[in-house]
1. Could you say which residue among L87, L102 is in contact with a Gly (Cβ under 7 Å, 6 or more places away or on another chain), of a type in the set (A, V, I, L, M, F, W, C) and assigned by TED's automatic domain parsing to the domain that holds D128?
2. Of everything in segment 156-185, what is more than 23 Å from the chain's Cα centre (by Cα) and either closer than 16 Å to F221 by Cα or part of a helix (DSSP H, G or I) (or both)? Give them in sequence order.
3. Considering each of V169, V142, V122, V131 in turn, give the residue that is in contact with a Lys or Arg (Cβ under 7 Å, 6 or more places away or on another chain), modelled with pLDDT of 90 or more and in the same structural domain as L69 (by TED's automatic domain parsing).
4. Quick one: H222 ticks every box in (1) in contact (Cβ under 8 Å) with a residue 60 or more places away in the chain; (2) more than 26 Å from G66 (Cβ to Cβ); (3) not aromatic (F, W, Y) bar one, so which box is it?
5. Pick out the one residue from R228, R170 that is touching a residue at least 40 places away in the same chain (Cβ under 8 Å), among the charged types (D, E, K, R) and surrounded by 13 or more Cβ atoms within 10 Å (Cβ to Cβ).
6. Any chance you could count how many residues in segment 36-54 are surrounded by 15 or more Cβ atoms within 10 Å (Cβ to Cβ), not in a strand (DSSP E or B) and either not assigned by TED's automatic domain parsing to the domain that holds D128 or not aromatic (F, W, Y) (or both)?
7. Kindly establish whether L64 is in the same structural domain as L102 (by TED's automatic domain parsing), within 20 Å of I229 (Cβ to Cβ), assigned to a strand (DSSP E or B) and under 14 Å from the mean Cα position of the chain (by Cα).
Amino acid sequence: MTIDSGDGWQHEGGLYEEHRVDSLHIESVWQARAVRDERYLVPAVEYWDLWFARQPDGREVAGLSGPTLGHRWVRSAVGEHSWGVQLRAHVAVTAASKRLVLGGEQRLPVEDGWIGIAEHRVRLPEYDDLVGFVERLFELDVLRADEDVHRALTGDDTGYSERHWQRRVRETTGLTRKQISQLERAREAFTLLLEGVPPAECAARCGFSDQAHLTRSLGAFHGQTPARILAGR
């Protein structure tokens, strides 16, 4: 697996970078460094986010954030370094239910540089070790991939009934296929707006019924209006 060059940018509270990964199981890896106390907006996603942080006093923490259908605010403290990996929607953590963690997070115990997860103790990874860390979790059966669900989410739902797929996808991802599609469409629209595409054109290209529909979707999932996204490019 390889990491693409991705994006990195400076915001008022610090530096954030995110990179896509050439992997069937990983959506992206990311890290952030805070230069002042601040809160920042996190959009709704269909992924597990396995994250780690080293706080200004040196204390290490870790957690698992579930998929969410609404944007949320996260606080950071000056001097904090955080990093993590977003797992694709068809990847499940064997000891946690996405439906139970939906919209929330589960803290993981950390002691002397070791993390407790699914009855295993593994070394807390640094940012550069995240891909290998995920591979290790697959070896330990902490993570499992439902390849049938991956196939269904990419458009191939042959072999089973619609009712079966609806149940199977929700059991694996915590969300329905319709909800995942809505999140993907909003993310596509957000990216187009960052590229300067006008809202009306963006709505048409992404399959929204009209510009008002686009505005409602981005408000719910990204916490911003199209005008504000364009203004903040």
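1. Working: L87 fails: in contact with a Gly (Cβ under 7 Å, 6 or more places away or on another chain).
When all the criteria are applied, what remains is L102.
2. Result: E162, R163, H164.
3. Going through V169, V142, V122, V131 in turn, just one is in contact with a Lys or Arg (Cβ under 7 Å, 6 or more places away or on another chain), modelled with pLDDT of 90 or more and in the same structural domain as L69 (by TED's automatic domain parsing): V122.
4. (2)
5. None of the other options fit; the residue is R170.
6. 4
7. Here the answer is no, as L64 does not meet what is asked.
The values are calculated or read from the model by the stated rules, or taken from the named source; none is laboratory data. No experiment lies behind these values; they were computed from the predicted model shown. Note: ideal-geometry Cβ built from the backbone for every residue, glycine included; neighbour counts use all protein chains shown.
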